[in-house]
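Notes for the one structure printed next.
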Amino acid sequence: MKLKKKIPLIDQHDGYGFWGGKFGGSFIPETLKKPVEDLTREFSKLRNNKKFLKKRDYYFKNYIGSPTSLVKLENLSNHLGGAQIWAKVVSEANGGAHKIYNATVHALICKAMGKKYIVGDTGAGYAGKMLSMAAKKFGLKCKIFMGAKDIKRQKPNCDAMRKNGAEIVPVYSGSQTLVDAVSECMRYWVSNCDTTHMCVGSTVGPNIFVKICGWSTAQISRELKIQIKQEFKKIPKKIKLINCVGGGSSAYGFWSEFIDFDKSQVELVGVEAGGPRKSKLHAAPLSRNAKIGILHGAASYVCQNNEGQINETESISAGLDYPGVSPIHCFLKDTKRARYTYATDEEALKAHVMVTKFEKLNPSLEPSHAFAEAIKIAPKLKKDTIIIVNSCGDAKKDRDILKDRLGKN
Amino acid sequence: MNSLISKTFSDVKKENRPALLTYIVAGDNTKKKSLEILKSISNHADICELGFPHNTPIADGGQIQTSAYRAIKNGIKINDVFSISKSFKKIKKNKPIILMGYYNMIYQYNENKFLEKCKKSKVDGLIVVDLPYPENRNFASKCKKKGINFIQLVSPTTSQIRLKKIIEDSHDMIYYISMLSTTGGKLKSSPKKILEKYNKIKKQNKSKNVVIGFGITEKTIQSLKKADGLVVGSAICKEISKSIKKRQNAVTNVTNIVKRLKNKIL
């Protein structure tokens, strides 16, 4: 298994849609074959269409607010000693997280395909909130599928979705979290694929959805590369790009321009959700060595039992609370280009507290997992090492959880 | 193929009626109970489908999901599904049995081992919901080598070119999904439209047995009796749920439904 240079990772799959011959693919019911093929054809046309690219860039700049800033976390770095810690504040994007890139692109594709309805899944509620925003912006009717447990714990994002005119469909099956929301959204699409476009909220699902999402979030990386060159004149000799990984959309977006670099120069570190410290449940299929399985139309490392039943997961962060992971991250793991680890709920909370204490930054619980790793390794590294954390979400949505766990607003 | 499945179809054709195919989830609500139900309904059904339950079933509606979750909760394992099939076949050796489920279960069990076990348990056919053509070509040919029917699915969205290829690659039976829906949806296409598409499939190759499924209930079954076979699943699972809730005998209730379904197509 080998990575190719100079070809975007999203395009390094074979004719059946597999990365490295075994991750990804399209394990879908017959009914979805045609809509998936139509979407695949449309996307490959659009991504080479200059007018469409101009439109995308226009909305990225004027609607999403690209570029988001790259800032040095001076106080945190000084406090920890060792490496310099920087943050790419992707949470500055319209809506407060990276999910807006994928949502905007899907809304544009939906329009281009002449469909009036768009549906999507959501865990933390960001993917849903952003899709509802984009739907409103482009005049589309929107339905969001969300686990009943997540609706309770991410209320601020639900309020936003409703305000944007989207219908939230609560999902009561299984663990009532993201995994069930994705299943239910796919079922809805099976029944309504003739009139409705489906947006998968991360770099997961059948091959084409991994590609569209990765293509959208890659904007983060394009900005970052320019910003690093402006800050440091060239790409520094030792960089670590640390990102949380649930489905893996923000991590791919953060890394895509840097995959061709040697890992001794640019290390890619993915941080999964380890769950509560004493719990056996986790959402860390890569770092805790889950077996390959098929979930939501793709083969990837999946938390599952011997029989192939998907495990329930547990994490303080709804956005990372997912038993599977993107096939492209499986590919990056097996080719050893990226390193994957996990942070527990407690470590993420501690990181959140520390970052907000020292910096004017309010990372949500998802990127707090990435900060936990940065905080752990920074003191052991030399000053010439540059750690950049993707602060891909804002903690406003975590208000209730933080209040409950830390007793603060 | 001189399979039990094709023999069954030619037998019912002589009676001038479609085959009745029933679907239940193995282990719903217990291993023992589902075997009893299977044995009892097979007195009226021509082909029995047995689902191996998965907890992330992306193409199933509420009724079958409920049955699947219930069976898993009660501890059903894939080996139990095989043992149900084996026990069933001991007393009903001429009744075809088709296992139906999601690919991850087969993948985790190992394709070859799974098929070996199917063979030993006298399974006649397999439906894998999320392994479409052409991804299923390799597995389908493995099935053929073992003398197990791999049943291809065709849906209203299947293009003409695809249809041709799928039929070429199919074995004795093809499953036509009546409408854009998960299992158990209300029949939203007219029977006329469904039969039009059905005839298109038949026209490609008359020797293939084409069954229609999704949305088939006591109300709708009669209108589609021109087909080679009709599948009823969710309506049966619903009856099992109802019987459990009302503390009634699921075996009797489900058998009665299947009897009534059969009478409508005689």
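We did not get these values from a lab; they are worked out from the coordinates using the rules stated. It should be emphasised that the depicted structure is a prediction, and the values quoted were computed from it without experimental measurement. No Cβ is skipped: glycine too gets one built from the backbone with ideal geometry, and neighbour counts run over all protein chains shown.
Here are some notes:
- ³J(HN,Hα), Karplus 6.51/-1.76/1.60, whole Hz, each residue of segment A:135-148, x for Gly, Pro: 4, 5, 4, 9, x, 10, 7, 10, 10, 10, 9, 9, x, 4
- Shown for A:MET130, B:MET173, A:MET354, A:MET113: other C-beta atoms within 10 Å of each C-beta, ranked fewest to most, produce the order A:MET113, A:MET354, B:MET173, A:MET130.
- With the biggest extent put first, the Cα atoms of segment A:56-143 measure 54, 28, 15 Å across the principal axes.
- Within chain B, longest stretch free of exposed GluC sites (Glu not before Pro) [DSSP loop, at most 16 other beta carbons within 10 Å]: B:16-217
- By the beta-carbon count within 10 Å of each Cβ, the least crowded to most crowded order of B:HIS171, A:HIS106, B:HIS44, fewest first, is B:HIS44, B:HIS171, A:HIS106.
- Proximity of backbone amide H atoms, modeled 1.01 Å from N, is registered between A:GLY393 and A:SER91, A:SER364 at under 5 Å, excluding neighbours fewer than 5 places apart on the same chain.
- Segment B:5-37 and segment B:123-184: distance between their alpha carbon centers, rounded to Å: 19 Å
- Under 5 Å from the amide H of A:LYS238 lie the amide H atoms of A:ILE386, each residue being 5 or more positions distant or on a separate chain, with H modelled from the backbone and absent for Pro and chain starts.
- Between 0 and 90 degrees, the angle of helix A:30-46 with respect to the longest Cα principal axis of chain A falls at about 60 degrees.
- Taking a point 7 Å from the Cα of A:LYS163 along the Cα-to-Cβ direction, the residues of segment A:120-146 with backbone N closer than 20 Å to it are A:122-146.
- For segment B:4-265: span of alpha carbons on each principal axis (Å, largest first): 47, 41, 34
- Chain A shape via C-alpha gyration tensor axes, a/c threshold 1.5: rounded
- Overall form of segment A:244-393 per C-alpha gyration tensor (a/c, 1.5; a/b vs b/c): oblate
- In units of the rule-of-thumb radius 2.2 N^0.38 Å, segment A:207-317 shows an alpha carbon radius of gyration of 1.25.
- Between B:LYS39, B:LYS142, B:LYS219, the Gaussian network model of chain B with springs among Cα atoms under 10 angstrom shows the greatest mean-square fluctuation at B:LYS219.
- Among A:LYS136, A:LYS116, the order by Cβ neighbours within 10 angstrom, fewest to most, reads A:LYS116, A:LYS136.
- Amide H contacts of B:VAL25 (H built 1.01 Å from N, under 5 Å, at least 5 apart or other chain): B:GLY51
- For trypsin sites (Lys or Arg not before Pro), the sites in segment A:319-380 that DSSP calls loop and that have at most 16 other Cβ atoms within 10 Å are A:LYS336, A:LYS360.
- Look at where the Cα atoms of segment A:223-297 and of segment A:160-185 average out, and the two centres are 27 Å apart.
- Within segment A:160-260, chymotrypsin sites (Phe, Trp or Tyr not before Pro) in DSSP loop having at most 12 other beta-carbon neighbours inside 10 Å: A:TYR172
- Exercise: per-residue mean of other protein chain Cβ atoms within 10 Å, B:49-59: 6
- Rounded to the nearest whole Hz, the Karplus-based 3J(HN,Hα) values (6.51 cos²θ - 1.76 cosθ + 1.60, θ = phi - 60°) of segment A:317-324 follow the sequence 9, 4, x, 9, 7, 9, x, x, with x at glycine and proline.
- The HN-Hα couplings worked out from phi for segment A:84-96 by the Karplus form 6.51 cos²θ - 1.76 cosθ + 1.60 (θ = phi - 60°) are 7, 9, 10, 9, 9, 8, 5, 5, 5, 4, 3, x, x Hz, whole numbers, x standing for Gly and Pro.
- Relative contact order (%) - criterion: Cα under 8 Å, at least six apart; region: segment B:4-265: 23 percent
- Between the listed residues A:THR335, A:ALA103, A:ALA93, the Cα displaced farthest toward the positive end of the dipole of chain A, a dipole computed from Cβ unit charges relative to the Cα centre, is found at A:ALA93.
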